[in-house]
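To keep things clear, I will list the structure first and then write my remarks on it.
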Number of protein chains: 2
Amino acid sequence: MRNILIIGAGRSSSSLIKYLLDKSSSEKIHITVGDLSIENAQHKINNHPNASAIKLDIFNRKNRTEAIEKTDIVISMLPAHLHIEVAKDCLTYGKHMVTASYVSKEMKSLHNQVVKKGLVFMNEIGLDPGIDHMSAMQIIDRIHENNGKMLLFESFCGGLVAPESDTNLWNYKFTWNPRNVVLAGQGGASMFIQEGTYKYIPYHKLFRRTEFLSINENEKFEAYANRDSLKYRSIYGLDTIPTMYRGTIRKVGFSRAWNVFVQLGMTDDTYTIENSEQLSYRDFTNLFLAYSPTDSVELKFRLYLKIDQDDIMWEKFLELDIFNPTKKVLLKDATPAQILQKILMDSWTLQPNDKDMIVMHHILGYENETGKHQIESSMLIKGDDQTYTAMSKTVGLPVAMATLRILNKEITTPGVQLPIKKEVYEPILKELQNYGINFTEKEVPFLGYNPNSVKG
Amino acid sequence: MRNILIIGAGRSSSSLIKYLLDKSSSEKIHITVGDLSIENAQHKINNHPNASAIKLDIFNRKNRTEAIEKTDIVISMLPAHLHIEVAKDCLTYGKHMVTASYVSKEMKSLHNQVVKKGLVFMNEIGLDPGIDHMSAMQIIDRIHENNGKMLLFESFCGGLVAPESDTNLWNYKFTWNPRNVVLAGQGGASMFIQEGTYKYIPYHKLFRRTEFLSINENEKFEAYANRDSLKYRSIYGLDTIPTMYRGTIRKVGFSRAWNVFVQLGMTDDTYTIENSEQLSYRDFTNLFLAYSPTDSVELKFRLYLKIDQDDIMWEKFLELDIFNPTKKVLLKDATPAQILQKILMDSWTLQPNDKDMIVMHHILGYENETGKHQIESSMLIKGDDQTYTAMSKTVGLPVAMATLRILNKEITTPGVQLPIKKEVYEPILKELQNYGINFTEKEVPFLGYNPNSVKG
């Protein structure tokens, strides 16, 4: 029996835990699920004979090290900033580790020690980051193997609501941490490069600088730029590529309306509002509009944001009830972002039968002896229900698959790793297909930003 | 002989040092000017018999404490974040201290110790903060003494170029630290209250939410809101006042054009630009515009910012030469804000014969047994030349006057202080009049935001 410790039994752990439980007898593994709430952990393992649930308080050193000492590998599904404590213990006790989060500076600094102990700390092996790395590197490596030269890399990903559950004017529901959605794009300018020209977009323009995406002909989406696309040049071994852009996918029209919240200042999380508890939704909206003893909040809102009366965007705000004078905020010392999140959760929370959907889309341009070419590769997956969501599957399954392969010594390169090596991505992308996570690839004419392809 | 140590012989110390030198014989004082550059210090004292210049490195503990130990009072004209080291030494050696900067948390925390030692640490006694506090509190105290109830307090201040030196389309030149001008308004939302309604303006809307000001009938200005007007309610003893607004004055049209830099993201100081050194001004501008292999930077700029061809604003950007393809940035690893500052300094640097100008304007509304009233009080002063600028006079003279009065035991309330007590503001405002710094006060009908006063 080998032991796997999973820390964190939240929503995104469902598919991960199910996968490992299903394999537990054939792979001879015992799974321990640790969570601050033992009920959560128990619920997830559902009396499976090869699993046990424990109460695990990550801030309790004794509690944490005892659990880590007993296992062979640790999967940390904690919030990203908490991985480091687990990682240090894994190093101390000589345990492998897997996370779905971005490698932090602290995590990176452990690399030499991890190598010295012959351990694998695999990170960024969820959805985004994770499946995006693997599916992109698979194509990039193939292009390079065939003596192609990469000209363009664009990659897009979005967590959306499935069309059958898409019941509001925003074509959006919270399928993931709502707070992250409200704060998306903050913390600095977005940066990328197009045909050798650097581009920087400040947060307050981000949602007006979207690109349209056509996936499978009839499905139209839009995307706004992620924070730092530039750093992916070195990660993907494309240091001199002239075009590198990564973006977040939304349904068409979302960003233009979301921009209104950004313009108003409602997504600000850096200060608290006086007397926030007693404000109505209408009062909250009015905080960001010029004072007038006579004009209505609606009129001021429309004038300030230049929203015509027959603009569909206007209906989106009415739908959210942000002009309601009786609904109260009821949050004490809240930031604008916290209040906005509450207002949105009234309308955008998934209902019991709602399904989520993940869309990923890569565009790769390259040149070889036969000329310039372009590959488009897309993946679209829907959730089964509210437990086995598309998010839970795409985040959890690659984590689980990597974990088993590390245990089975199929993934062996030691150190703080990303899934960008063939050893990792080939078998995992292949196995993911069995779970409905597969990419459709097509060759299209190279477009780039060639003026000759611009009509009229 | 009493000893005064002045730390920092920069531009803003000129009037301060001149005032004290002029009084040195009658007041029996010796002035020591310490600066990192002894030449600067020597230049400022100009061989005056009652003064000496020393090289003073504030980061050299021995150097610093030796100078402080020998004096009776210290004037710190250092950048605001450096006062605290001086303040701790003043506490150790039992010396009074005067600064023109906002009281920091660290400075505030010394209050009890300063009181215990019977010392006066007078802060915020320059222009803004300083003359604004004093001139406002003089009127507020008078209104309260006459049983008036404060309804409205609005206060505006700006450092501008004098009309006779106003030679560019922006009607602006750098009369103070250019970096502070580029970064003005950043670091959080601006907050104030109008007739009991809180208002919050995010940075990216700040320069589009200006107010017009009419000072002395024919002089029109505009103002944008300062960061935190709310905190002045408690500082001025106006905790329940329904309207409290503080703003920065510019000539009409400045803010609308400045907003273009904000919208583009050119004022961002949080990241550095790759290869910034080699960029032309045109390249720099293009960093913030969408990529196009064909459209001109000018066209993209105008479309993005919605600037019509006959808009006067357009000429303002041409004047700054931001579309020049040959002028180089020549700054390595520079932030957008640093590059913008350089571009602006090409055009906005004061010429040898240019004069600056300070404008301050208070609007105070109150109610008493005879009804509602409004007082407007304004101050306008021009610099004599590039040494005795309006900024140097308005910052340095109140500092100097307070210093002498502390030495002469006319200002005695111990502790970390602001100039909001009559003991301080009455004599200093009176003396400032001898130097051309005086307020013109007039009674006007109470306007407030009364809808009855809105015509048509």
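Here's the yes/no breakdown for (1) of a type in the set (A, V, I, L, M, F, W, C); (2) facing another protein chain (nearest Cβ under 10 Å); (3) in contact (Cβ under 8 Å) with a residue 24 or more places away in the chain:
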{"residue": "B:I193", "(1), (2), (3)": "yes, yes, yes"}
{"residue": "B:T197", "(1), (2), (3)": "no, yes, no"}
{"residue": "B:I201", "(1), (2), (3)": "yes, yes, yes"}
{"residue": "B:R208", "(1), (2), (3)": "no, yes, yes"}
{"residue": "B:L213", "(1), (2), (3)": "yes, no, yes"}
{"residue": "B:K220", "(1), (2), (3)": "no, no, yes"}
{"residue": "B:D228", "(1), (2), (3)": "no, yes, yes"}
{"residue": "B:K231", "(1), (2), (3)": "no, no, no"}
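If only residues of the stretch A:252-269 that are more than 9 Å from every other protein chain (Cβ to nearest Cβ) and assigned to a helix (DSSP H, G or I) are counted, the one that is most open to solvent (accessible area, probe 1.4 Å) is A:R256. From the list A:P419, A:P398, the one residue that fits, being open to solvent by less than 50 Å² (accessible area, probe 1.4 Å) and either within 14 Å of chain B (Cβ to nearest Cβ) or within 21 Å of A:G118 (Cβ to Cβ) (or both), is A:P419. All conditions in (1) in contact (Cβ under 8 Å) with a residue 40 or more places away in the chain; (2) away from chain A (no Cβ under 11 Å); (3) surrounded by 19 or more Cβ atoms within 10 Å (Cβ to Cβ) hold for B:L279, with the sole exception of (2). Would you confirm, using the coordinates I've provided, whether B:Q113 is in contact with a helix residue (DSSP H, G or I) (Cβ under 9 Å, 6 or more places away or on another chain), at negative phi, surrounded by fewer than 23 Cβ atoms within 10 Å (Cβ to Cβ) and assigned by TED's automatic domain parsing to the domain that holds B:E367? It is false that B:Q113 is in contact with a helix residue (DSSP H, G or I) (Cβ under 9 Å, 6 or more places away or on another chain), at negative phi, surrounded by fewer than 23 Cβ atoms within 10 Å (Cβ to Cβ) and assigned by TED's automatic domain parsing to the domain that holds B:E367. You will find that of A:I58, A:I84, A:I31, the residue that is assigned by TED's automatic domain parsing to the domain that holds A:K117, under 21 Å from A:L407 (Cβ atoms) and among the aliphatic types (A, V, I, L, M) is A:I31 and no other. If you scan the stretch A:116-145, which residues turn out to be under 28 Å from A:M244 (Cβ atoms), assigned to a helix (DSSP H, G or I) and either open to solvent by 40 Å² or more (accessible area, probe 1.4 Å) or without any contact (Cβ under 8 Å) to a residue 40 or more places away in the chain (or both)? Of everything in the stretch A:116-145, those that are under 28 Å from A:M244 (Cβ atoms), assigned to a helix (DSSP H, G or I) and either open to solvent by 40 Å² or more (accessible area, probe 1.4 Å) or without any contact (Cβ under 8 Å) to a residue 40 or more places away in the chain (or both) turn out to be A:Q138, A:R142, A:H144, A:E145.
Considering only residues of the stretch B:90-99 that are part of a helix (DSSP H, G or I) and under 23 Å from B:N50 (Cβ atoms), which is least open to solvent (accessible area, probe 1.4 Å)?
Here the residue is B:C90.
Within the stretch A:382-394, can one find any residue that is within 16 Å of the chain's Cα centre (by Cα), basic (K, R) and over 30 Å from A:P445 (Cα atoms)? Yes: the stretch A:382-394 contains one or more residues that are within 16 Å of the chain's Cα centre (by Cα), basic (K, R) and over 30 Å from A:P445 (Cα atoms).
Every residue, every condition in (1) in contact (Cβ under 8 Å) with a residue 24 or more places away in the chain; (2) of a type outside the set (A, V, I, L, M, F, W, C), yes or no:
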{"site": "A:K62", "(1), (2)": "no, yes"}
{"site": "A:I68", "(1), (2)": "yes, no"}
{"site": "A:S76", "(1), (2)": "yes, yes"}
{"site": "A:K88", "(1), (2)": "no, yes"}
{"site": "A:M107", "(1), (2)": "yes, no"}
{"site": "A:S155", "(1), (2)": "yes, yes"}
{"site": "A:L160", "(1), (2)": "yes, no"}
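Out of all the residues in the stretch B:333-344, is one or more more than 14 Å from every other protein chain (Cβ to nearest Cβ) and without any contact (Cβ under 8 Å) to a residue 40 or more places away in the chain? Yes: the stretch B:333-344 contains one or more residues that are more than 14 Å from every other protein chain (Cβ to nearest Cβ) and without any contact (Cβ under 8 Å) to a residue 40 or more places away in the chain. Is at least one residue of the stretch A:52-69 touching a Gly at 6+ places or on another chain (Cβ under 8 Å) and among the basic types (K, R)? Taking every residue of the stretch A:52-69 in turn, at least one turns out to be touching a Gly at 6+ places or on another chain (Cβ under 8 Å) and among the basic types (K, R). Name every residue in the stretch B:311-352 that is hydrophobic (A, V, I, L, M, F, W, C), over 28 Å from B:D385 (Cα atoms) and open to solvent by less than 60 Å² (accessible area, probe 1.4 Å), in order of residue number. The answer is B:M313, B:W314, B:F317, B:I322, B:F323, B:V329, B:L331, B:A334, B:A337, B:I339. Cβ separations smaller than 8 Å between residues 6+ apart or across chains give the following pairs from the stretch B:288-299 residues that are under 26 Å from B:T272 (Cβ atoms) and within 11 Å of chain A (Cβ to nearest Cβ) to residues that are open to solvent by 50 Å² or more (accessible area, probe 1.4 Å) and in a loop (DSSP other than H, G, I, E, B): B:Y291/A:E195.
Annotation for the stretch A:226-242: no member residue is open to solvent by 10 Å² or more (accessible area, probe 1.4 Å), part of a loop (DSSP other than H, G, I, E, B), assigned by TED's automatic domain parsing to the domain that holds A:L331 and at pLDDT below 95.
Answer yes or no: is there a residue in the stretch A:152-167 that is in contact with a helix residue (DSSP H, G or I) (Cβ under 9 Å, 6 or more places away or on another chain) and open to solvent by 50 Å² or more (accessible area, probe 1.4 Å). No, there is no match, as no residue in the stretch A:152-167 is in contact with a helix residue (DSSP H, G or I) (Cβ under 9 Å, 6 or more places away or on another chain) and open to solvent by 50 Å² or more (accessible area, probe 1.4 Å). Selection of the stretch B:233-248 for residues being within 11 Å of chain A (Cβ to nearest Cβ) and of a type in the set (S, T, N, Q) yields only B:T243. A:M266 passes every criterion in (1) under 18 Å from A:L160 (Cα atoms); (2) of a type in the set (A, V, I, L, M, F, W, C); (3) not assigned by TED's automatic domain parsing to the domain that holds A:R179 apart from (1). The residues of the stretch B:177-191 that are more than 9 Å from chain A (Cβ to nearest Cβ) and either buried (at least 21 other Cβ atoms within 10 Å of the Cβ) or not polar (S, T, N, Q) (or both), listed by number, are B:P178, B:R179, B:V181, B:V182, B:L183, B:A184, B:G185, B:S190.
Taking helices (runs of 4 or more DSSP H) as the structural unit, those lying wholly within the stretch A:295-382 and holding at least 3 residues that are in contact with a Ser or Thr (Cβ under 9 Å, 6 or more places away or on another chain) correspond to A:297-305, A:336-348.
The values are calculated or read from the model by the stated rules, or taken from the named source; none is laboratory data. Please read all numbers here as calculations on a predicted model, not as lab measurements. Neighbour counts are summed over all protein chains in view; Cβ atoms, including those assigned to glycine, are modelled from backbone coordinates with ideal geometry. Note: areas computed on protein heavy atoms with side chains; ligands, DNA, RNA excluded. Shrake-Rupley method; radii C 1.70, N 1.55, O 1.52, S 1.80 Å.
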